[in-house]
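The values are calculated or read from the model by the stated rules, or taken from the named source; none is laboratory data. Owing to the predicted nature of the structure, the values given are computational and were not obtained by experimental measurement. Glycine also receives a Cβ, built like all others from the backbone with ideal geometry; neighbour counts cover every protein chain displayed. Heads up: the accessible areas ignore ligands, DNA and RNA and are worked out on the full protein's heavy atoms, side chains in. Shrake-Rupley method; radii C 1.70, N 1.55, O 1.52, S 1.80 Å.
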Amino acid sequence: PKVSASFPIKENQVMYFNYGHSTVAPHPSYVYPGLDPYYSDRSTLSKIGNPDLNPEVDISYELGLKSQITSKDALTVSAYWKDKYDFITSMTIPVKDVTGREVNRTIYVNADYARVRGIEAAYQKRIGKWFEGQLSAAYSVATGQSSSSSDAIKDILTNGSRISPKETYLAWDSPWDIKAYALFKEDVKAGGGLFGKSWLNHIALYVDAVYRSGRRYTPYLYT
């Protein structure tokens, strides 16, 4: 479900709230492989499916304030956060192969957790009927116990099992996201086409730009 609500707090200000709750079903490759030991992979990192996997759960919130500064200027400020529960990760378990011997196999389980928090500000400007533009900037932090379901495999290869989980910056965390656009339109009252050029009659010009910072670097200590 998704729920949105907004209410005025001043003549030119509106506060809004968004809530979302969604589930993502596990991929079939996490559920079905290797369930029949006669057809299972017998390599070092052999995987078996887990039919008991739960869907991953995403719960998101957003709280914002929209302000009309003048008839041509508007400012929006918001804060948001998103929690991911039952994040799918890997672990090893002993299972019996076709000969009845116990061997270690990798299985997917719901065990990890991730979250994203951020703030965003957007400024919108209009000039007459010929210009409209917006500049928005967002800063976010994404942390969790793993970035993907295969992250734990390197720990399994190194230690034979997962290390004690702790939150770190996720591989897909990109802190800064800055966007801008400008729309130039023909002023009907002035006439003569865009920028006063008759050969640009009935033409609009749209320009946008996007800047995103690189992903965070999480240092590792070699021991």
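In a fully extended conformation the segment linking HIS202 and ASP52 would gain 48.0 nm over its present Cα-Cα distance, using 0.36 nm per residue. The modelled label-to-label distance between LYS166 and SER4, using points 7 Å beyond Cα along the C-beta direction, is 4.1 nm.
Peptide packing for 95-105, 3-13, 72-82 was compared via the average number of neighbouring C-beta atoms within 10 Å per residue; ordered from the highest value, the list is 72-82, 95-105, 3-13. Placing unit charges on each Cβ (+1 for Lys and Arg, -1 for Asp and Glu) gives region 53-142 a dipole about its Cα centre, and among THR92, TYR61, ALA122 the Cα reaching farthest toward its positive end belongs to ALA122.
Subtract the Cα-Cα distance of ARG101 and ARG216 from 0.36 nm times their separation in residues, and report this length gain in nm to one decimal.
37.0 nm
Going by accessible surface with a 1.4 Å probe and the largest first, PHE87, PHE131, PHE17 read PHE17, PHE131, PHE87. Of the solvent-accessible surface of region 1-106, computed with a 1.4 Å probe and all protein chains present, 57% belongs to carbon and sulfur.
Each label point was placed 7 Å from the Cα along the Cα-to-Cβ direction; for TYR123 and SER71 their separation is 2.2 nm.
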